[in-house]
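Asker: The following block contains the structure, expressed as structure tokens.
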Amino acid sequence: MQILNVVLYSRKGKNRIISFRAGQVNLITGGSGTGKSALIDIIEYCLGRNNCNVPEGVIKDNVQWFALRIIIGNEQVFIARENPINQNTSSNIYIETGDTVEIPSQIITHNSNVDSLVEFLTQKMGISENLHTPPKGQTREPLEANIKHALFFCFQQQDEIASKRILFHRQTDGFIMQSIRDTLPYFLGAIQEDRLQLERELTYIKRKYKKAKRELNDIENIVGETAIKATSLLSEAEKVGIVELDTPPLEIQKVIEELKEILMWSPEDPAFPEAEKLSEYQEELKQTQQNYNDKIEQLKAAQTFISEANEYQNELDHQRLRLESIGLYKVVEDDFTKCPLCSHRLEDSIPTIREINSSLRRISSNLETTSKNRPRLKEYVDGLQREKENLYEEMKQKKKQIDGYYEENKAALEHRDLNVRRARVVGRISLWLESVNMSDNTEKLREEVEKYAENIKSLEEQLNLEDVEEKLNSILNRIGYKMTKLVEKLKLEHSHFPVRLDIKNLTTVVDTNQIPIPLYRMGSGENWVGYHLIAHLALHSYFIENSRPVPHFLILDQPTQVYYPRDEDTSLQGSIDSLKDEDREAVKRMFDLIFEVVKELHPRLQVIITDHADIADEDFQSAVVEKWRDDNALIPNNWLT
């Protein structure tokens, strides 16, 4: 991925296009307050950063959309993202792709969002599925590297490139430092591309292995310890006469087969004299018990009916007595010309009075009927009670007959007890067979377990963290060798000692004869800028030479700041002629090194530099794409309100 254009769309329908050359050094030189440092924020925002960090003021007040045209492989991609108003971010994004994409004159609408953009760029960059799983004991969530993690190696803002404390972009923001540590091994290629797939396959095979191993152990337990239980049950069955065995089987499978046949046992008919008579007594007892239960139910029903009838009569009597007690109710035969309450003579018969009298007669009739039927109900209940008692006595006699029969026939008693014992043994055998899981595919399971164990061993060897660590150390050594070569050209302090990248602390370290010296223990801004520069150039050289999925551009903001007096820029106009000789030579070595590395990797590395300095050097001037001085700036004057 390299950048072809940065495009700004104004709120008044105008646009501003800044063009860059792929595979080359691109320089924007200009004064303070012209928008140079905002370029990194604009580019990072358009490539999927969550928040828009473009400074408040002229840029945010006048721009409606920020946009990029980039090239990935042979395909061009145009990405526009809306400038958020009164908030930190906007999810409105417009994407267009093609062999050649024309820059739209205006952005009318959006067709994507941030998550889709990040996923799209991640896939376009060739970042394969990956997942960094923290070591045991650490609580942070697993992390999957994407395009946003790759961009940490592509930017160096003004306050980062000259820092002695941090080496990478946004290293001190939240959990970014840990994210860089976790994802850098993947971007360096220390972790194989198919590692996530191998980890998932290992998890799947381990699950299959545990299942097969558990099934095999169950069968082996049956063959081992539980075989004793099977033999014991077979012996019990033999003692009660269910089976007869000349020689007990030794193989567990044959023991199981014998036990399964025992489940077919059923009680035999008695083989002693008068057995049919016993069966007849038992059947009679059963029928008598049924009749006895029926009588109990009939008796309960009759008693319930009597209870309800008594309650009904008592309520009617109570109401009638209440009326008679106050003299309001008098029975008046069929004379409907008198009032049934006061006996006063009425001139005309009122239908309602006729109905009242009719109801009163019905109530009286029902009371008389209930009273007449009471003796019959009592007689019926008494009869049921006597029948129940007779059936109870009959049951007692039947039981005595059966008990006496057993007393007189010892053979029948013994046969009954034997059947009970046999049934108990058969029940225990049935319960045990249901609880075990016998299988005749032991050998097949054993082969599966061995095969899974071999696959697990092979995958664990491929995923061996020691191999990853060894490979990572090898890569870091190669990058350190490149850094050592580059630092010699800058002639920095300690440049005659080996330099290495410390991935744990995310810094550079010089290994002197006495002690290792990390970046934060080095003096002077010249060292801080220089070691930042060689670290990122060495990293991008490795990324490109090994085809790693990191964008092939590096943006540096104000790399000459430790030499150039920005406070005097108004008078100097970018010139470094007034600098001390050693400072001018240091600046020249810096740019010469950048041009040299880009030339070596041409056309696979693009470097974009924004700086105050405007050096009167042929290579420098040929790389300048825009000069932002006087009336020229990121935001044109005719945009300003």
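Asker: Using beta carbons and a limit of 8 Å, which pairs, at least six apart or on different chains, have the first residue in region 85-104 and among the charged types (D, E, K, R) and modelled with pLDDT of 95 or more and the second one part of a loop (DSSP other than H, G, I, E, B) and surrounded by fewer than 18 Cβ atoms within 10 Å (Cβ to Cβ)?
Answerer: Close Cβ pairs satisfying both conditions: E96/P104; D99/N74.
Asker: Something else: Can you name the condition, by its number, that A38 falls short on among (1) more than 30 Å from L593 (Cα to Cα); (2) of a type outside the set (V, I, T); (3) in contact with a helix residue (DSSP H, G or I) (Cβ under 8 Å, 6 or more places away or on another chain)?
Answerer: Checking A38 against (1) more than 30 Å from L593 (Cα to Cα); (2) of a type outside the set (V, I, T); (3) in contact with a helix residue (DSSP H, G or I) (Cβ under 8 Å, 6 or more places away or on another chain), the one that fails is (1).
Asker: Another one. Of the residues E545, E568, which single one is surrounded by fewer than 22 Cβ atoms within 10 Å (Cβ to Cβ) and over 19 Å from F153 (Cβ atoms)?
Answerer: E568
Asker: Let me ask something additional. Kindly indicate whether any position in region 529-546 is in contact (Cβ under 8 Å) with a residue 24 or more places away in the chain, within 23 Å of I3 (Cα to Cα) and touching a Gly at 6+ places or on another chain (Cβ under 7 Å).
Answerer: Yes, region 529-546 contains a residue that is in contact (Cβ under 8 Å) with a residue 24 or more places away in the chain, within 23 Å of I3 (Cα to Cα) and touching a Gly at 6+ places or on another chain (Cβ under 7 Å).
Asker: Tell me, yes or no, whether region 257-277 has at least one residue that is modelled with pLDDT of 70 or more, assigned to a helix (DSSP H, G or I) and of a type in the set (A, V, I, L, M).
Answerer: Yes: one or more hits.
Asker: Follow-up question, since we're still on this one. Out of the strands (runs of 3 or more DSSP E) lying entirely within region 444-540, which hold 1 or more residues that are over 34 Å from the mean Cα position of the chain (by Cα), among the charged types (D, E, K, R) and surrounded by fewer than 21 Cβ atoms within 10 Å (Cβ to Cβ)?
Answerer: 499-502, 507-511
Asker: Could you check V550 against (1) hydrophobic (A, V, I, L, M, F, W, C); (2) exposed (fewer than 15 other Cβ atoms within 10 Å of the Cβ); (3) closer than 17 Å to I608 by Cα and say which number it fails?
Answerer: V550 satisfies all of (1) hydrophobic (A, V, I, L, M, F, W, C); (2) exposed (fewer than 15 other Cβ atoms within 10 Å of the Cβ); (3) closer than 17 Å to I608 by Cα except (2).
Here's the yes/no breakdown for (1) charged (D, E, K, R); (2) in contact with a strand residue (DSSP E or B) (Cβ under 7 Å, 6 or more places away or on another chain):
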| residue | (1), (2) |
| --- | --- |
| I475 | no, no |
| H496 | no, no |
| V499 | no, yes |
| L506 | no, no |
| V509 | no, yes |
| R521 | yes, no |
| W528 | no, no |
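Asker: Exactly one of (1) outside any helix (DSSP H, G or I); (2) of a type outside the set (D, E); (3) buried (at least 18 other Cβ atoms within 10 Å of the Cβ); (4) modelled with pLDDT of 95 or more is unmet by K627. Its number?
Answerer: (3)
Asker: Looking at region 40-60, which of its residues are free of Cβ contacts under 8 Å to residues at least 60 places away in the same chain and surrounded by 18 or more Cβ atoms within 10 Å (Cβ to Cβ)?
Answerer: D41, I42, Y45, C46, C52, V54
Asker: Quick one: which residue in N5, N50, N86 is farther than 20 Å from E160 by Cβ and outside any strand (DSSP E or B)?
Answerer: Just a single option satisfies the conditions, and that option is N86.
Asker: Condition first: more than 22 Å from L418 (Cα to Cα) and either at pLDDT 75 or above or surrounded by fewer than 16 Cβ atoms within 10 Å (Cβ to Cβ) (or both). Now tell me which residues in region 227-245 satisfy that.
Answerer: Of everything in region 227-245, those that are more than 22 Å from L418 (Cα to Cα) and either at pLDDT 75 or above or surrounded by fewer than 16 Cβ atoms within 10 Å (Cβ to Cβ) (or both) turn out to be I228, K229.
Asker: Sticking with this structure for a sec: Within the group K444, K399, K451, which residue is of a type in the set (K, R), under 23 Å from K295 (Cα atoms) and at pLDDT 80 or above?
Answerer: The conditions single out K399.
Asker: On the basis of being closer than 30 Å to A150 by Cα, out of contact with any Gly (no Cβ under 9 Å at 6 or more places or on another chain) and among the small types (G, A, S), does S622 make the cut?
Answerer: Yes: the conditions hold for S622.
Asker: Out of region 43-54, which residues are under 18 Å from E96 (Cβ atoms) and more than 32 Å from the chain's Cα centre (by Cα)?
Answerer: I43
Asker: Among (1) surrounded by 20 or more Cβ atoms within 10 Å (Cβ to Cβ); (2) over 15 Å from Y531 (Cα atoms), which single condition is F591 missing?
Answerer: Every condition holds for F591 apart from (2).
Asker: Go over the candidates I18, I42, I28 one by one and state the one that is aliphatic (A, V, I, L, M) and not in a strand (DSSP E or B).
Answerer: Being aliphatic (A, V, I, L, M) and not in a strand (DSSP E or B) holds for just one of I18, I42, I28, which is I42.
Asker: I'm trying to understand the selection: among the residues of region 515-550, which are closer than 24 Å to N146 by Cα and of a type in the set (S, T, Y)?
Answerer: Within region 515-550, S541, Y542, S547 qualify.
The values are calculated or read from the model by the stated rules, or taken from the named source; none is laboratory data. Being a predicted model, the structure only gives us computed values, none of them experimental. For neighbour counting, all protein chains shown are included, and Cβ atoms are generated from backbone atoms with ideal geometry for every residue, glycine included.
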